[in-house]
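Structure, as structure tokens:
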2 protein chains.
Amino acid sequence: MAEAEARGRRARGGGGAARRAERTAVSVETARYIERNIPNFEVLTEEALEIIEANADTILEEVGVNFVDNPAALERWRNAGADVTGERVRIPRGLARKLCATAPSRIIQRARNPERTVEIGGKSLVLAPVYGPPFVRDMEGGRRYATMDDFRKFVKLGYMSKWLHHSGGTVCEPTDVPVNKRHLDMLHAHMTLSDKPFMGSVTEPSRAQDSVDMCGILFGKDFVQDNTVMTSLINVNSPMTFDDVMMGSLEVYAQNNQACILSPFIVGGAMAPVSVMGTLTQVLAEALAGIAYSQLVRPGAPMIMGAFVTSIDMNSGAPTFGTPEAAHITYGAGQLARRLGLPFRSSGSFNGSKLPDAQAAYETSNSLNVGLLAGVNFMLHACGWLEGGLVSSFEKFVMDADQLGTLHHLARGIEIDENAQAMDAIREVGPGGHYLGCAHTQANFKNAFWRSDLFDYKPFETWSEEGERDTMVLANARVKKMLGDYTQPPLDPAITEALEAFVATRKESMPDAFS
Amino acid sequence: MAEAEARGRRARGGGGAARRAERTAVSVETARYIERNIPNFEVLTEEALEIIEANADTILEEVGVNFVDNPAALERWRNAGADVTGERVRIPRGLARKLCATAPSRIIQRARNPERTVEIGGKSLVLAPVYGPPFVRDMEGGRRYATMDDFRKFVKLGYMSKWLHHSGGTVCEPTDVPVNKRHLDMLHAHMTLSDKPFMGSVTEPSRAQDSVDMCGILFGKDFVQDNTVMTSLINVNSPMTFDDVMMGSLEVYAQNNQACILSPFIVGGAMAPVSVMGTLTQVLAEALAGIAYSQLVRPGAPMIMGAFVTSIDMNSGAPTFGTPEAAHITYGAGQLARRLGLPFRSSGSFNGSKLPDAQAAYETSNSLNVGLLAGVNFMLHACGWLEGGLVSSFEKFVMDADQLGTLHHLARGIEIDENAQAMDAIREVGPGGHYLGCAHTQANFKNAFWRSDLFDYKPFETWSEEGERDTMVLANARVKKMLGDYTQPPLDPAITEALEAFVATRKESMPDAFS
């Protein structure tokens, strides 16, 4: 099978720490990032795509975008030929697209374990966990504010999850750590508790710089300048507003050759028009402006076109997830990103449910399937998201992480060689026979079909005797099992020590801040 | 919106009863069958398709298929040019495909309410409920043998479900009615408790004849000969075996111009090879043989190419649902059916869970999405299926029926006219504004986004105060509400009386049989 082969292959390295880690390779199995062997699903016609692209240019030229509290950005835009009035930047037709051309179409993000290095772009799909919730939920404890202890548990679960390629970023907000120091503990956790690639801080430019500096310790300073070791999340304040905090962080990352996801953040009907075409037009305009700006900071800065898009329930004003309109937007945005020649990001386990129940699963499954077929290259929130992003759920994390296996198998496509054609088996078995014992089945059954490591496949009577457990109960047990089985991946003690010293020094330099 | 317009349109009629029903039109809203305005997703290359087609012909020619206990069928095949040895029928290359050419590519199935008439074929998708389970489950009563009372409740729920186009057939097995009389009560329920199209009995040729005769009463005898008013399910006893009961029923329906779904019934690895290509080859060979046979019975008999396909958990032998391999097979079978020029059937709410929980929803959602994108024309089991088809679940029925709305909205595709482009809205709102109050939003919000009628979109606090209900609890309340709101659609009293007399007479003519 493709993934197993890939795991055996020698991936390209990730600096000194990576080489050291490789010598003491960990035994936790992780599938290689997905390389699609299936087509993309495309809903927009050529006519529709051209309308959107022309309209996006019209928006940039006539309406423009705001770069807030950021004189340096305005200066860069002015020098590039934009019309700058106050904080409003109007961009001549075609200029933003031209600037985007220097952004690479594929990004290699190095992990300290080189087998976990990922490629973002082309036919690849990299799966990363939930990002941002202030609350956590589990079956026993219910919903509560997230802590650093929760954060570490999620990083460990991510490390142990076979189908998850990326450790993510703010897997939950550790609200018990001062807001100005959280990023240090979070990065430290990703760097030491996992060997998968991760994301940097974006909540202040200085925290982005801390992220770069800590990567310098982990990977070596020169290695960081030559290689992408972080992919960080820059949200647009939609509609069409780029604030100084996010842009300041983007500037730090671009200057240091680190990747950013430039994501319009849109609840359709509130931050964008209440139509798919209108929303796609605004998404494209915002992505063009933001990514073009990154190239003004440093041509060649690695960028991913993002789209956090969902719909709104006009009865209540609540955002709704896993909806058909969000699917249309994601399919369309994928097409637009490919025409721009840029990697594309979507969101995975989107749902609005309060519990990891059927609603959560329907909505999540819709989003996961759309992400695969939309040609997404980086799927954030691929597991663990609950309650519209307010909650990171332990049980949902392992449920979703299990479902991610279906995306791997779907992406394989269909083998058509002689063994796959199975003509000998059909001849051997004949009318009225069965295939369970035939030679072809014996030779192929082990890897032929995906199976869940979580779901109940037992007969009713066994299931009943075992307490009639639903998926949440099974997932709760799996969380405990995975955390119990967790072993920390090895890391050079000198690096461990240097990271701890850096975190301690930085923490001492600042008073605690909780807002 | 397309569906609303369609509902207003005058659909073509369904005989005398239909015209009478129309004059006293019921108020229960039902969406018109889906007409896709999106592409199909195709995973098989031209090369793969040609290999499968050539291999299927090889199977038919070299291995052949069995027609069991059916001398008339063997005689028909012999006359058509097949090589018949014992019960084995070997079909010369190309003959089966040639015979299939007389089957129509589109089928109009009339309902007694002409607004509920459906078209099966081309870009259409007709959604029908769960078929066949001997058990039912609801939240209070748990799992138990199904009764006629349960059956009637499911027919009522189907009638009340906006996104469901079809009343189905054996929505559960009414085990409290003698097995030789069940079909009479079941058909009576579909005919009188709903005005949507339905399926006939296939468990004995005489019961298929009873189905035709009862339709003669409902629609008029001549109308039935000129129009398709039933779509019935003929399973192949895979691999490659056609038994006399199913074929006898098919013969009755073909002779009476009624549609059948010819469905290979395959758990991959048991009834077909443990590979996607091998399974598709066998599916195609079986479909070709069965549908060709229907055309020997009556050229032009309306047929649907089916595929009940799922994978197996090789650890336990349990069938598994909503898996990536089942998706590949469904996508591929859709392509093969289109190349044959025949309508295509898949299965919707497939899952192996014991409860309507997250597992059930993940697996179901996978199957529903695949069905839409595979170009399916008739989706059986679109709602209500649980526990690998052993159970019809009341709560799951309304959960799935609600999700079917997402398929309707996805299938609409993306509008690209000036209103959809929303340039005025983007200009009006500008950077930093919001769209909630703008003119475009006010004019479009009502139909822009799909919303669930079941899911919880409330704020956490409200949800918490209301008892922290999960989807199953919400669905349980919805079942009760729908059954409480149910009103029987009007039917000519003379027809009601004649149907009852027919059922009574037929029941009196037979002793009770329970096996």
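The values are calculated or read from the model by the stated rules, or taken from the named source; none is laboratory data. Predicted, not measured: the structure shown is a model, and the values here were computed from it. Please note: Cβ atoms are built from the backbone with ideal geometry, for glycine as well, and neighbour counts cover all protein chains shown. Quick note on the areas: whole protein, heavy atoms, side chains included, nothing else; ligands and nucleic acids left out. Shrake-Rupley method; radii C 1.70, N 1.55, O 1.52, S 1.80 Å.
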Do we have B:A360 as of a type in the set (G, A, S), open to solvent by less than 10 Å² (accessible area, probe 1.4 Å), in contact with a strand residue (DSSP E or B) (Cβ under 7 Å, 6 or more places away or on another chain) and more than 20 Å from A:A374 (Cβ to Cβ) here?
yes
Any chance the stretch A:407-419 includes a residue that's touching a residue at least 24 places away in the same chain (Cβ under 8 Å), touching a strand residue (DSSP E or B) at 6+ places or on another chain (Cβ under 8 Å), open to solvent by less than 10 Å² (accessible area, probe 1.4 Å) and more than 23 Å from A:A358 (Cα to Cα)?
yes
If I go through the stretch A:269-282 residue by residue, how many of them are open to solvent by less than 10 Å² (accessible area, probe 1.4 Å) and at the interface with chain B (Cβ under 7 Å from one of its Cβ atoms)?
8
Hey, could you check the stretch A:283-316 for residues that are of a type in the set (A, V, I, L, M, F, W, C) and part of a loop (DSSP other than H, G, I, E, B) and say which is nearest to the other protein chains (Cβ to nearest Cβ)?
A:M314
Against the conditions (1) surrounded by fewer than 18 Cβ atoms within 10 Å (Cβ to Cβ); (2) under 21 Å from B:H190 (Cα atoms), where does B:P129 fall short? Just the number, please.
(1)
Residue satisfying all of: in the stretch A:296-308; under 23 Å from the mean Cα position of the chain (by Cα) and either hydroxyl-bearing (S, T, Y) or open to solvent by 10 Å² or more (accessible area, probe 1.4 Å) (or both); modelled with the highest pLDDT among these
A:G300
Here are the criteria: (1) open to solvent by 10 Å² or more (accessible area, probe 1.4 Å); (2) more than 19 Å from the chain's Cα centre (by Cα). Tell me which single one A:M240 does not satisfy.
(1)
So, in the stretch B:367-394, exactly how many residues are out of contact with any helix residue (DSSP H, G or I) (no Cβ under 6 Å at 6 or more places or on another chain), more than 20 Å from B:T320 (Cα to Cα) and either more than 10 Å from chain A (Cβ to nearest Cβ) or at pLDDT below 95 (or both)?
3
Could you tell me which numbered condition B:R144 fails, if it satisfies all but one of (1) open to solvent by 10 Å² or more (accessible area, probe 1.4 Å); (2) assigned to a loop (DSSP other than H, G, I, E, B)?
(2)
Suppose we keep only residues that are assigned to a loop (DSSP other than H, G, I, E, B), at the interface with chain B (Cβ under 8 Å from one of its Cβ atoms) and touching a residue at least 12 places away in the same chain (Cβ under 8 Å) within the stretch A:35-57. Which one would you say is nearest to B:P431 (Cα to Cα)?
A:L44
Tell me yes or no: at least one residue of the stretch A:478-485 is within 14 Å of chain B (Cβ to nearest Cβ), buried (at least 19 other Cβ atoms within 10 Å of the Cβ) and over 27 Å from the mean Cα position of the chain (by Cα).
no
Under the condition of being in a helix (DSSP H, G or I) and among the hydroxyl-bearing types (S, T, Y), which residue from the stretch A:453-469 is surrounded by the most Cβ atoms within 10 Å (Cβ to Cβ)?
A:S464
Residue count, the stretch B:400-421 (criterion: closer than 23 Å to A:A318 by Cα, at the interface with another protein chain (Cβ under 7 Å from one of its Cβ atoms) and out of contact with any Leu (no Cβ under 7 Å at 6 or more places or on another chain)):
3
Residues of the stretch B:248-268 being open to solvent by less than 10 Å² (accessible area, probe 1.4 Å) and within 14 Å of another protein chain (Cβ to nearest Cβ), in sequence order, are B:P264, B:I266, B:G268
Taking B:S311 as the residue in question, decide whether it is modelled with pLDDT under 95, open to solvent by less than 10 Å² (accessible area, probe 1.4 Å), touching a Gly at 6+ places or on another chain (Cβ under 7 Å) and not charged (D, E, K, R).
yes
So which residues in the stretch A:330-363 are within 14 Å of chain B (Cβ to nearest Cβ), of a type in the set (A, V, I, L, M) and outside any loop (DSSP other than H, G, I, E, B)?
A:A333, A:L336, A:A358, A:A360, A:A361
Evaluate the stretch A:216-226: report whether one residue or more is away from chain B (no Cβ under 14 Å) and in contact with a strand residue (DSSP E or B) (Cβ under 8 Å, 6 or more places away or on another chain).
no
Residues of the stretch B:218-237 classified as assigned to a loop (DSSP other than H, G, I, E, B), open to solvent by 10 Å² or more (accessible area, probe 1.4 Å) and in contact with a helix residue (DSSP H, G or I) (Cβ under 6 Å, 6 or more places away or on another chain), total:
1
Any residue at all in the stretch A:447-468 that is more than 30 Å from B:G142 (Cα to Cα) and aliphatic (A, V, I, L, M)?
yes
Testing B:R152 on (1) part of a helix (DSSP H, G or I); (2) open to solvent by 10 Å² or more (accessible area, probe 1.4 Å); (3) more than 25 Å from B:Q403 (Cβ to Cβ), one condition comes back false. Which one is that?
(3)
If I ask for residues that are facing chain B (nearest Cβ under 7 Å) and open to solvent by less than 30 Å² (accessible area, probe 1.4 Å), which ones from the stretch A:422-445 would you list?
A:A422, A:M423, A:A425, A:I426, A:V429, A:G430, A:P431, A:G433, A:Y435, A:H440, A:T441
Open to solvent by 10 Å² or more (accessible area, probe 1.4 Å) and small (G, A, S) - does that describe any residue in the stretch B:363-370?
yes
Out of (1) more than 8 Å from every other protein chain (Cβ to nearest Cβ); (2) at pLDDT below 95; (3) in a helix (DSSP H, G or I), the odd one out for B:F397 is which?
(2)
Quick check on my filter: what residues within the stretch A:345-366 are modelled with pLDDT of 95 or more, within 14 Å of A:L127 (Cβ to Cβ) and not polar (S, T, N, Q)?
A:R345
In this structure, does A:A103 turn out to be closer than 30 Å to A:A54 by Cβ, of a type outside the set (D, E), open to solvent by less than 40 Å² (accessible area, probe 1.4 Å) and assigned to a loop (DSSP other than H, G, I, E, B)?
yes
What number goes with the only condition from (1) open to solvent by 10 Å² or more (accessible area, probe 1.4 Å); (2) touching a Ser or Thr at 6+ places or on another chain (Cβ under 9 Å); (3) more than 18 Å from B:S365 (Cβ to Cβ); (4) not β-branched (V, I, T) that B:G352 does not pass?
(3)
Within the stretch B:58-97, how many residues are in a helix (DSSP H, G or I), touching a strand residue (DSSP E or B) at 6+ places or on another chain (Cβ under 8 Å) and open to solvent by less than 60 Å² (accessible area, probe 1.4 Å)?
5
